[in-house]
Amino acid sequence: MKKWTTVLCVLLVVMLLASTAMAQDGKPKGKQISWLEWFVTGTEWVAWVLMVLSFVSTALIIQMFMQIRRPLIMPPHVELQVKQMLEAKQFRELLAFTQGDPSLLSIIMNRALREAPNGYGAMEHEMETALQEQSTKLNLKPEILSILGNTGPLIGLLGTVLGIIKAFAEIVKVGSIPNPGDLAGSIGMALVATFWGLTVAIPSLVVYSIIKNRIELYTNEAVCIGRECLAGLRLGPKARSKSRDGVEAEANVSA
């Protein structure tokens, strides 16, 4: 809250300086400056840093929207295949299938089934552990977006402060209220830095929330389906099955 209060105060000061400068002379003088020159070629190093961060965040956003999707994380055919193999008691085939499939459900089911010799409780615990590990991996790139979204406005604020300092330096240099044209460059730099900071922050934070919700949805679905599959094992009190490594395991599954 304090951070945004500081940002608003600085912006108010910049707007006050801008309005004062414009009030000194109603007729603009000097050469016309294009939008490209204002926002790109005529900017300071802070704006260039923010432009690079903007490109990085855009690349991450595109990559995450391509990777964090249901067909890749929780494909429907995998759930169907796992349930069919469990019903047919094809445990060796199921271990081989989940070992080669990269989806979230296959990973946690493979880890759980490998704990079959240790009982249902060990299988459920291993599933939870695998789910936490995969959730951490999925959240790595969204966390980078969160960092960019929170630091972008602060870097923009740095450029805003530098622009205000330059504007005040012009006033001190002249010794009185300077010509509006002398202040326009510094004030423009301050506003452009704020603009680029917001272009980094707004998309990054919005997409971060969307991707975070997607990951939470998929992980919750995976653990629910996994528990349903484990609870559906009705192998009898001491039915035996063979693991993928050929090790005979007792499955004591309570109702």
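For the range 172-181, a residue qualifies if it is surrounded by fewer than 16 Cβ atoms within 10 Å (Cβ to Cβ) and in contact (Cβ under 8 Å) with a residue 12 or more places away in the chain, and the qualifying residues are Ile177, Asn179, Gly181. On inspection, Val206 qualifies as surrounded by fewer than 15 Cβ atoms within 10 Å (Cβ to Cβ) and either under 23 Å from Val46 (Cβ atoms) or among the β-branched types (Val, Ile, Thr) (or both).
Given the criteria farther than 20 Å from Trp196 by Cβ, surrounded by fewer than 20 Cβ atoms within 10 Å (Cβ to Cβ) and at pLDDT 90 or above, does Leu16 qualify? Can you show your working first?
Numbers: farther than 20 Å from Trp196 by Cβ: yes; surrounded by fewer than 20 Cβ atoms within 10 Å (Cβ to Cβ): yes; at pLDDT 90 or above: no.
Taking the combined requirement at face value, the residue does not satisfy it.
Could you please find all residues in the range 145-165 being within 19 Å of Ser57 (Cα to Cα), among the aliphatic types (A, V, I, L, M) and in contact (Cβ under 8 Å) with a residue 40 or more places away in the chain?
Leu145, Leu148, Leu154, Ile155, Leu157
Note on the range 99-109: residues that are modelled with pLDDT under 90 and surrounded by 15 or more Cβ atoms within 10 Å (Cβ to Cβ) total 0. Gly226 meets each of the listed conditions (1) buried (at least 19 other Cβ atoms within 10 Å of the Cβ); (2) within 22 Å of the chain's Cα centre (by Cα) apart from (2). Applying a threshold of 8 Å to beta carbon distances and a minimum spacing of six or more residues, or different chains, the list of pairs starting in the range 113-125 at a residue that is of a type in the set (Asp, Glu) and ending at one that is assigned to a helix (DSSP H, G or I) reads Glu115/Ala122; Glu115/Met123; Glu115/His125; Glu115/Glu126; Glu124/Ala112; Glu124/Arg227; Glu124/Leu230.
How many residues are touching a residue at least 40 places away in the same chain (Cβ under 8 Å), among the β-branched types (Val, Ile, Thr) and part of a helix (DSSP H, G or I) if we restrict to the range 54-74? Here the count works out to 4.
Looking at the range 92-124, which of its residues are over 22 Å from Met74 (Cβ atoms) and part of a helix (DSSP H, G or I)? Scanning the range 92-124 gives Arg92, Ala116, Pro117, Asn118, Tyr120, Gly121, Ala122. Look at (1) in a helix (DSSP H, G or I); (2) modelled with pLDDT of 90 or more; (3) within 29 Å of Pro142 (Cβ to Cβ) and you find that Glu79 fails only one, number (2).
With respect to Thr219, determine if the residue is farther than 30 Å from Ser103 by Cα, hydroxyl-bearing (Ser, Thr, Tyr), buried (at least 18 other Cβ atoms within 10 Å of the Cβ) and at pLDDT 80 or above.
The answer is no for Thr219.
When the range 116-127 is filtered for residues that are over 12 Å from Ala222 (Cβ atoms) and either surrounded by fewer than 19 Cβ atoms within 10 Å (Cβ to Cβ) or of a type in the set (A, V, I, L, M, F, W, C) (or both), the ones remaining, listed by number, are Ala116, Pro117, Asn118, Gly119, Tyr120, Gly121, Ala122, Met123, Glu124, His125.
The values are calculated or read from the model by the stated rules, or taken from the named source; none is laboratory data. Quick caveat: nothing in here was measured; it's all calculated off a predicted structure. When we count neighbours, we look across all protein chains shown, and the Cβ atoms used for this are built from the backbone with ideal geometry, even at glycine.
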